[in-house]
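In what follows, a structure is listed as structure tokens, so that the remarks can point back to it.
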Amino acid sequence: MLRTPSGGAGNGTATADDRLLSIGAVLNELREEFPEVTISKIRFLEAEGLVEPQRTPSGYRKFTVRDVERLGHVLRMQRDHYLPLKVIREHLDALDRGEPLPLPVPSSAESRELIEVGGAAERDAPAALRIGRDELLAATGAEAGELAQWEAYGLVESGPDGDYDAETVNIAKIVADLGRFGLEPRHLRAVKAAADREAGLVEQVVAPLRRHRNPQTRTHAEATARELAALSVRLHAALVQSALRVRLF
């Protein structure tokens, strides 16, 4: 089994080390240890610069044995240490320079991914934070009638006790900011519907992982969901910006 970036493949023959694998063959190599891995995941790690397969003249990816070992190392660091990709990349870069580093043990704060939105990196808000209705109105500068409209259109939802969690507070602030530009809750129904569809796609990907018997795999499902959500946000922002450039120029 492939275990480390410089692992057992180095003891094989030159022919074995020099063989090139298709992305499907790579998937088969990895699935013995990582049953949840997908071709999309491998492509994502390539897009993030964590592995650089060769390309044939017709554009097909060809992976070396070392590429497969590197992918296994990345997946292992995500699964066993819950490290964000930025930290994993720094670790791999150090190994490439011949500077072996001990794997960091992330704190609860460090284990949360940084999500890029509009060029600004924001850490996930504490999940335990909850505030009441009056506090939400004060935080957003909204009137009670406006909040009622947000709730009527499903943009903002209170908890069972009538309070609001950190994610809802963030949504409410954004809705309030959009309202200052004349965008009303009815205008944002399409945005909410698109977000619900995107969440459904993410759930399709992570649902099998959440049902897995391995507790580590179930935990990895949450990290995968966050990663997919971050990519979805980046794609949405890029598509909006691209559409605006098409209309303006």
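For region 170-249, with all protein chains present and a 1.4 Å probe, just round the carbon and sulfur fraction of the accessible area to a whole percent. List each step's numbers first, then the result.
Numbers: 3500 of 5680 Å².
Looking at region 170-249 in its full context, I get 62 percent from C and S.
What dipole magnitude, in Debye to the nearest 20, does region 178-249 give about its Cα centre under +1 on Lys/Arg Cβ and -1 on Asp/Glu Cβ? Mind showing how you got there, number by number?
Working: 13 positive and 6 negative charges, 13 e Å.
Using only the charged Cβ atoms, the result is roughly 60 debye.
For region 132-172, which GluC sites (Glu not before Pro) pass both filters: DSSP loop (anything but H, G, I, E, B) and at most 15 other C-beta atoms within 10 Å?
On the way: sites: GLU135, GLU143, GLU146, GLU151, GLU157, GLU167; in loops: GLU143, GLU157.
When the GluC sites (Glu not before Pro) of region 132-172 are filtered for loop state and at most 15 Cβ neighbours within 10 Å, GLU143, GLU157 remain.
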Sparse-neighbour loop sites [trypsin sites (Lys or Arg not before Pro); region 160-249; at most 11 other C-beta within 10 Å; DSSP]: ARG180, ARG211, ARG213
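The values are calculated or read from the model by the stated rules, or taken from the named source; none is laboratory data. For clarity, every value in this text was computed on a predicted model and none was experimentally measured. For neighbour counting, all protein chains shown are included, and Cβ atoms are generated from backbone atoms with ideal geometry for every residue, glycine included. Areas reflect the complete protein model, heavy atoms only, side chains present, ligands, DNA and RNA absent. Shrake-Rupley method; radii C 1.70, N 1.55, O 1.52, S 1.80 Å.
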